[in-house]
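Take a look at the structure set out below.
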Amino acid sequence: MNDRRQNFRDPWRFVPKGWSAGPWPRLSPVFLATARSCTNLVSGGPLLTVLCVLLFSWSWTWSAIHEAVLLAKWVYVLAMTLAGLSIIGMTFRPGREPERHQKFHRERSVARGMAGAVVIMAIVLWVLLSPSIPGAFQPLPSLALPLSGLCAIGVIMLLQAVRLMDEMERSILSEAAALTAVVLTSVFMVWTLCKPQFNLPDIDPSWALFTATQVFFAILWVFVVLLRTERWDPADYLGWDARHERQL
Amino acid sequence: MKNRLRVLRAERNWSQAELAEALGVSRQTINAIEVEKYDPSLPLAFKMARLFGTRIEDIFSEADEDLGAPARA
């Protein structure tokens, strides 16, 4: 087991000691790989949108750009859902846990709360952005109650995660939220001022919501990388990566 | 702000995770403090001083101050 964990190329190295039995550890590398790929995709959301625009809208007309952005929306929302579900999957470890991993309880609870909130946000975004629903983002009577319920659960999960966060994690979150507000307000003001001169279209509320989410995650990712000087990695955060077991 | 956290931790042969657990913060926070990317709050600094059995000014100093030099009279 120790030899296996020493091998950096072995994807099974993330499976903690004592987790060799049962089907769950076999799924762990899958969860981990999915979480890593999807969180990178989510944090690179604006880049993804630009790429989609470049790939699918050579004509650079508003309708072509709109279609490309719509495609980016679905990829983005799907990535959010997958990332959140994978992190939740990683945080649940059925059965008796080895004693040495008890200390990661706080990190796991924070990750689970954040990931749960992200999944709920993705579901809500999915419903609101769905082109099959006429007048998306308008409060549809049939969807208002379940959506409100989902949002309430998401807020509770987020608050629970924030309650368990330490001071640096809270400062990163609040700075990212503040910067997102500043960026979005500036964009909104510039857009409104330039609208008559450049004949820009009206701001679509669902598009604005999608952009706000994208900008927030991009800023959050940059803050985490800059402040922690490490690539954000679910495995590292959840204490699964043996590289940080003992840093002296 | 400069700090001697890594040295103090190494003297006691503690890992970042062990120190983080003792202080009730994440390992990433300890790493960020050690590489001087994050300055801890005053309560956390007091907690560190108590844990290492020393004064706050023996752990942290201003960037242009030398932590190894004896205090001037």
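Taken together, the values in this text are just the output of simple stated rules run on the coordinates, not laboratory data. Model, not experiment: these values are computed from the prediction. Cβ sites come from the backbone with ideal geometry, for glycine too, and all protein chains shown count toward neighbours.
Give me the percent relative contact order of chain B, please, defined on Cα pairs under 8 angstrom at least 6 residues apart.
Values: 59 pairs, mean separation 27.9, N = 73.
Normalised by residue count, the contact order of chain B is 38 percent.
Taking beta carbons within 10 Å but only from partner chains, what does the mean come to for residues A:168-176? Please report the intermediate quantities before stating the final value.
Numbers: counts 14, 4, 0, 3, 3, 0, 0, 0, 0.
Per residue, the number of nearby Cβ atoms from other chains is 3 on average.
Quick one: 3J(HN,Hα) in Hz for the range A:68-75, Karplus 6.51/-1.76/1.60 with θ = phi - 60°, rounded, Gly and Pro as x.
Values, residue by residue: 5, 5, 4, 5, 4, 4, 5, 4 Hz.
So if we plug the beta-carbon distance of B:Lys37 and A:Leu51 into 1/(1 + (r/R0)^6) with R0 = 30 Å, what FRET efficiency do we get, rounded to 0.05?
Approximately 0.50, to the nearest 0.05.
Once the principal axes of the Cα atoms of the range B:2-58 are found, what is the range along each, listed largest first in whole angstroms?
Result, largest extent first: 22, 22, 20 Å.
Let me check I've understood the local charge: for A:Ile156, count other residues with C-beta under 13 angstrom from its C-beta, Lys and Arg +1, Asp and Glu -1. What total comes out?
Details: positive: A:Arg112, A:Arg163; negative: none.
My count for the surroundings of A:Ile156 gives +2.
Charges only on Cβ, +1 for Lys and Arg, -1 for Asp and Glu: so what's the dipole of the range B:2-58 about the Cα centre, in debye to the nearest 20?
In debye, rounded to 20, the range B:2-58 gives about 40.
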